[in-house]
Every structure is written in structure tokens, then in C-alpha cells.
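Below you'll find the structure I mean.
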Amino acid sequence: MQLLPLIRLSLAAAALLLAACNSVPKAAPGYAVHDFGPLDGPPPRMLAFPIRSTEVVPAPWLASTAMHYRLLYAQPTRRQVFVENRWAAHPGQLLELALKRSMKGDLPPAGATGCRLRVDLDEFAQVFESEGVSRGVIELRAALLAPRSDQSIAARSFSASVPAPSANAVGGVLALRDGVARVNHELLDWLESLDTDPAHRVRARCGA
């Protein structure tokens with residue numbers, strides 16, 4: 001008769017142990033981390049006017065390392081993220097690094113003030129038009145700001161839509177990588193065009 005309380009005590013201890021094991025958080029699944037890798041293209045360009053700093057400001061929904069996608073064919077208004085894939089930094093930081101690498105002499109010479117290049121990143125996502133067809137979409141607004149006052153000298157919107165080689169996260173990375181190269185090229189062309197436009201007087205206003 002004395003064994004019954006012992007058996008009950010053992011069962012209760014086992015139940016508590018099992019509950020404790022179930023309460024331990026499970027290890028987070030591993031995920032792949034992506035950046036743009038080597039960006040093939042022309043050598044960095046030297047602008048005719050100094051740029052003091054280059055800053056890319058992401059929209060609030062892009063201020064994380066999550067990789068975003070959208071299913072236009074099923075839920076066009078829903079923004080989703082890949083579970084097993086992440087960016088190495090948030091897209092604004094990756095784009096900012098790519099922009100700086102594409103411009104030779106980002107800092108102004110001694111004695112010059114230099115303008116500021118501000119880029120607002122509004123979209124950076126993989127968009128699926130169907131289960132097997134997707135593209136990388138980038139949308140941004142660039143503004144060249146005057147020294148001290150930060151008054152806008154010129155502003156322009158840019159966008160890129162590049163087909164993805166595969167309808168998965170890796171395909172989206174490659175498409176967005178190509179989109180960054182394309183946007184960089186167009187933005188540098190725009191900056192160079194400002195130098196040849198007498199209406200903007202960028203050399204004088206940026207302190208060259």
C-alpha cells in the first residue's frame with residue numbers, strides 16, 4: 001500500500017519534467033544570408049562637383065534584413081517575407097554602399113563644402129506575377145541638396161524592374177542585384193547631366 005504514493009509521486013515528477021522540456025524554446029531554423037556580391041560594371045565615375053555625403057533612407061517597412069516579396073496573382077496587397085533567407089544588412093545600407101562604390105571621390109576636396117545626395121528607398125522587393133514568373137522591383141527618389149541649407153538643387157525618381165532567373169528567393173536576389181546596378185548607372189548619368197545644365201549651377205552651389 002505504500003507503493004501507491006510513490007508511484008503517484010513519480011508520475012507527477014515525470015509530468016513536470018515533460019512540461020519543462022516542452023517549454024524550452026526550439027532552436028531557430030538556419031537561414032541563408034545574402035548581399036549583392038561583386039558588382040560587375042564600369043569603374044567608379046569621378047563627378048565634376050563634390051558630394052559631401054551619400055545617404056540612403058529606407059521606408060519603414062524596409063528598415064530590416066527581411067527579404068520581401070508580393071504575390072500579385074493571389075494577394076496583391078499583402079507584403080510577405082521569406083523565412084529562410086535574409087539580407088546581410090537592410091536594403092538601404094546595401095544600396096548606399098553600392099552607390100558610394102560607384103562614385104570616385106565621394107568626399108569633397110579640402111576647403112570645399114560639398115553637396116549631399118539623399119536617396120529615399122520606397123520599394124525593394126521580389127514581385128511574383130504568377131507561381132513561376134517574378135521580377136525584382138526597386139523604386140527610389142534621389143535629391144541633390146545644397147551645402148549648409150540642405151535646399152534641394154534637383155530631384156528625380158528612379159525605378160527598375162528586372163526579371164528574376166528563378167521564381168525563388170535566390171532568383172529575387174539576382175534580379176535586385178541587377179536592378180541596383182541599373183539604378184546606379186541611371187543615377188550617375190543624372191548627376192553628370194546636372195553639371196552640364198547651366199540652370200542648376202551645381203559646381204558653384206556645391207563648392208567646386
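What percent of all Cα-Cα pairs in the stretch 91-178 falls into each 10 Å bin, going from 0 up to the bin containing the maximum distance?
So the P(r) values, bin by bin, are 16, 37, 27, 14, 6, 0.
I've got another one for you. So, with a 1.4 angstrom probe, what is the percent of accessible area on the stretch 57-104 that is carbon and sulfur? Intermediate values should be presented prior to the final figure.
Working: 1400 of 2570 Å².
So the carbon and sulfur contribution to the accessible surface is 54 percent.
Averaged per residue, what accessible area in Å² does the stretch 81-208 show with a 1.4 Å probe, protein chains only? Present the calculation step by step, with values, prior to reporting the outcome.
On the way: 5950 Å² over 128 residues.
For the stretch 81-208, the solvent-accessible area averages 46 Å² per residue.
Quick one: Debye curve from the alpha-carbon atoms of the stretch 132-188 only, equal weights, vacuum; give me log10 I(q)/I(0) at q = 0.12, 0.23 Å⁻¹ to two decimals.
Debye output, listed in q order: -0.38, -0.81.
The values are calculated or read from the model by the stated rules, or taken from the named source; none is laboratory data. Quick caveat, the model's predicted, so the values are computed rather than measured. Heads up: the accessible areas ignore ligands, DNA and RNA and are worked out on the full protein's heavy atoms, side chains in. Shrake-Rupley method; radii C 1.70, N 1.55, O 1.52, S 1.80 Å.
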